[in-house]
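In what follows, a single structure is set out as C-alpha cells and then discussed.
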Amino acid sequence: MTRVPYEIRVGELLKEKQKKLVLAESCTGGLVGNLITNIAGSSDYYLGSVTAYAYEAKEALLGVRHETLLQYGAVSRQTVLEMAAGARRSLAGGIPLDSIIGVSISGIAGPGGGLPDKPVGTVWFGMSTADGDWAWRCMFKGNRVQNKRSAARTALKLVIAYLAGSLPPETRSQRH
C-alpha cells in the first residue's frame, strides 16, 4: 500500500474540515510552506506563512513579545505559542479566526548554536486553533538539512493529528 505524502493528506483534511492553514517558520526557513504549495490547489486551504528567523522579525511580523524572547529564547514553548497565535492574527485577511489553524516551528538545526539545555536538533512546534493552543518539543539527530526536513514532516503530521482528533500529549515544560 502506498503512503499518501503528508502534504497531500493535510490538504485533503483541511478541505474536508473546511479549515485554513497558516505557518510561522523559523528554523525550517519556509520548507513547510514549500511542501504545501507543491500541491496544486493548495490556495484553497493554505493562506500563507511568515518566515521569521530573527528576533526582530518574530516581534514585528508575529507579535512575539520581546520579553518572551529575552526570558525564554526563540527555541521555547512560550515563543512558539506566541508565533502560532501571531500567524493566525497576521494572516487571517478577513477570514474568521475560528477556521484558521496556525502552526509554528522554531529550533536549532545545527551544526552550531546548541546550548546545554537546548542541544542541536531541539525543535519546538506550536499550534493555535479555535479549540486551544499547544506546544511540543522534539529532538532530531540529523545534520542541518535532515533536521529541517524532519521538523517540516513533524509539523505536517501535527496538523494531520489535529484534524483527525488525535493530537499527541503536549510538552508542558523544558529543561532549564
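Each reported figure results from applying straightforward, stated rules to the coordinates on display, with no laboratory input. Bear in mind the structure is a predicted one, so any value in this text is a computation, not a measurement. Glycine also receives a Cβ, built like all others from the backbone with ideal geometry; neighbour counts cover every protein chain displayed.
Please report how far the C-alpha centroid of the range 1-50 lies from that of the range 67-85, rounded to the nearest whole angstrom. Cα centroid of the range 1-50 versus Cα centroid of the range 67-85: 23 Å apart. Within the range 3-21, find all residues whose amide N lies under 16 Å from a label point positioned 7 Å from the Cα of Asp98 along Cα-to-beta-carbon. Of the residues in the range 3-21, 17-20 have backbone N under 16 Å from the label point off Asp98. Counting only DSSP beta bridges with both residues in the range 6-163, the antiparallel share comes to about 60 percent.
Evaluated over the range 6-163, the count of Lys pairs having alpha-carbon atoms less than 30 Å apart is 21 (only pairs 8 or more residues apart or interchain).
Each Lys or Arg adds one and each Asp or Glu takes one away; over the other residues whose Cβ falls under 14 Å from the Cβ of Ile160, this sums to +4. Let's see if you can work this out: charge +1 on each Lys and Arg Cβ, -1 on each Asp and Glu Cβ, no other charges. What is the dipole magnitude of the range 20-176 about its Cα centre, in debye to the nearest 20? The dipole magnitude comes to about 540 debye.
By the compact-protein rule of thumb, 2.2 N^0.38 Å, the alpha-carbon radius of gyration of the range 6-163 corresponds to a ratio of 0.96. The packing ranking of peptides 104-112, 149-157, highest mean first, is 104-112, 149-157, where packing means the average number of other beta carbon atoms within 10 angstrom of each residue.
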